[in-house]
Amino acid sequence: MKRLVLLLTVTLLLCLSQNLQAQDAYSPWTVSLSTNAINNPIRSSPADLGRYKTWDWDPAGFKIALARHLKGKLSFESTITLNGIKQNYIDIDDKFPLISLDGDFKYNLSNSFAVTPYLILGGGYTWLDTIGAGTLNAGVGITIWLTYNFGLTGQSLYKHAFEDYGLQHYQHSVGIIFKFGGTDSDNDGIVNTEDQCPNVFGLARFDGCPDRDKDGIPDKYDNCPDTPGLLNGCPDSDKDGFADPYDKCPTIAGDKTNKGCPLADSDADGIPDKFDHCPKIKGVKKNNGCAEVVKKEPIKTVKPMQPVLIYFELSKAEITQDSKKTLDNVAVFINQSTITTYQISGHTDNTSSNQTNLKLSLQRANAVKAYLIDKGVDKNKLNTKGFGEALPIDTTDTEAGKQKNRRVEIIPLQ
């Protein structure tokens, strides 16, 4: 019997050697080496009931398995197992060798890189000393991958003998497993077929691609692969949302539309000229950069030289009821005033495209003009123009700011 064990072991090792030298470049394989224990071994004949020890584990025993991936979550595994079985009575110190050869299908319950539980179904042939019988195998197992190609594996298998003289038993095993096969050009432990950067040593969490500056952004997506940063992989020293390599003023917070530099503010009132209706005179934000108008009494009619703002709802050009009350006062003022020309300027927020916003801003200006004409204003006094989203008066990053930007301004000219 010892010669048979030796012969089977040498044969399996030779097969493993041949497979390691002749792997298909794109076929994943696994090989595992485990210790195993036999639980509740019984034979169906009445004379053998209770004959064998409930638990049997031979320190010299082993289990070797070679598996090949077939398709999807399915693989096929061939195993050879060596153990020993002791009796409860009659020569209790004697040990019968148990050898089994099995072929089982394994179905993974997940494709997790770290932990892979699976189901087993197959068959084999088991010898107890010199008596052998075929078996039907079914069980469960789990593999815990410590690295990409090395891990720990455990398995519990029930083997049902087809013959009465065959040994029915549970087999439990735990050991190490190694995954191999396929080409790994950069030696990072990830085969080329699964490696997004097959010629550069990389990390498994980035599908084989490197991250030289360790900022959590793979080099292939990192605009600054040697300098840590979170803005497309680049740093932003002044926190203005403009990456340092493209920021003309990298240490001073600026505006994206001005290449990262602050916008010009001629009157130093904190309102950039781009948004300042009075860029040469220091003013206040609530008056669009013009000097603050002191209100001595509630405004019943429009004051000269004070732009009137009419606000609109998102993506609409219809005048609201509140705005109609304001426009009624504007119509009274224009009809009584000596000013002969008024500019009606339409504006939008930045929600839609430039072309859509230009069209909507002009529609808003024309709606205001039409309302004033309906209230008796001479149409020759009114000029309309749409500016789209080009001249916001408030931030474009909040809903409150966008609401203020959706407006029409009525400005007395002469």
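Selection within region 390-414: residues that are among the acidic types (Asp, Glu) and within 14 Å of Tyr311 (Cα to Cα). The member of this set that is farthest from the chain's Cα centre (by Cα) is Glu409.
Looking at Ser323, is it surrounded by 18 or more Cβ atoms within 10 Å (Cβ to Cβ), free of Cβ contacts under 8 Å to residues at least 60 places away in the same chain, touching a His at 6+ places or on another chain (Cβ under 9 Å) and assigned to a helix (DSSP H, G or I)? Against the criterion (surrounded by 18 or more Cβ atoms within 10 Å (Cβ to Cβ), free of Cβ contacts under 8 Å to residues at least 60 places away in the same chain, touching a His at 6+ places or on another chain (Cβ under 9 Å) and assigned to a helix (DSSP H, G or I)), Ser323 does not qualify.
Within region 56-68, is there a residue that is surrounded by fewer than 12 Cβ atoms within 10 Å (Cβ to Cβ), closer than 21 Å to Thr153 by Cβ, modelled with pLDDT under 95 and of a type outside the set (Ser, Thr, Tyr)? Within region 56-68 (the criterion being surrounded by fewer than 12 Cβ atoms within 10 Å (Cβ to Cβ), closer than 21 Å to Thr153 by Cβ, modelled with pLDDT under 95 and of a type outside the set (Ser, Thr, Tyr)), the answer is yes, since at least one residue qualifies.
For first residues located in region 92-121 and in the same structural domain as Ser78 (by TED's automatic domain parsing), partners that are modelled with pLDDT under 85 and of a type outside the set (Val, Ile, Thr) and lie 6+ apart or on another chain with Cβ distances below 6 Å form the pairs Pro97/Met1. Applying a threshold of 7 Å to beta carbon distances and a minimum spacing of six or more residues, or different chains, the list of pairs starting in region 61-75 at a residue that is in the same structural domain as Lys86 (by TED's automatic domain parsing) and part of a loop (DSSP other than H, G, I, E, B) and ending at one that is buried (at least 16 other Cβ atoms within 10 Å of the Cβ) and among the polar types (S, T, N, Q) reads Gly61/Thr35; Gly61/Asn36; Gly61/Asn83; Lys73/Asn108. Applying the condition of being surrounded by fewer than 17 Cβ atoms within 10 Å (Cβ to Cβ) and of a type in the set (D, E, K, R) to region 187-214 and asking which residue is farthest from Gly229 (Cα to Cα) yields Glu194. Taking the conditions (1) more than 17 Å from Pro41 (Cα to Cα); (2) surrounded by 15 or more Cβ atoms within 10 Å (Cβ to Cβ) in turn, Phe178 satisfies each one other than (2).
This table checks each residue for (1) out of contact with any Gly (no Cβ under 8 Å at 6 or more places or on another chain); (2) farther than 30 Å from Ile411 by Cα.
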{"residue": "Lys220", "(1), (2)": "yes, yes"}
{"residue": "Pro235", "(1), (2)": "no, yes"}
{"residue": "Asp238", "(1), (2)": "no, yes"}
{"residue": "Gly241", "(1), (2)": "yes, yes"}
{"residue": "Tyr246", "(1), (2)": "no, yes"}
{"residue": "Ala253", "(1), (2)": "yes, yes"}
{"residue": "Cys261", "(1), (2)": "no, yes"}
{"residue": "Ser266", "(1), (2)": "yes, no"}
{"residue": "Lys280", "(1), (2)": "yes, no"}
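The values are calculated or read from the model by the stated rules, or taken from the named source; none is laboratory data. Computed from a prediction, not measured in an experiment: that's the story for all the values here. So basically every Cβ, Gly included, is an ideal-geometry build from the backbone, and we count neighbours across all protein chains shown.
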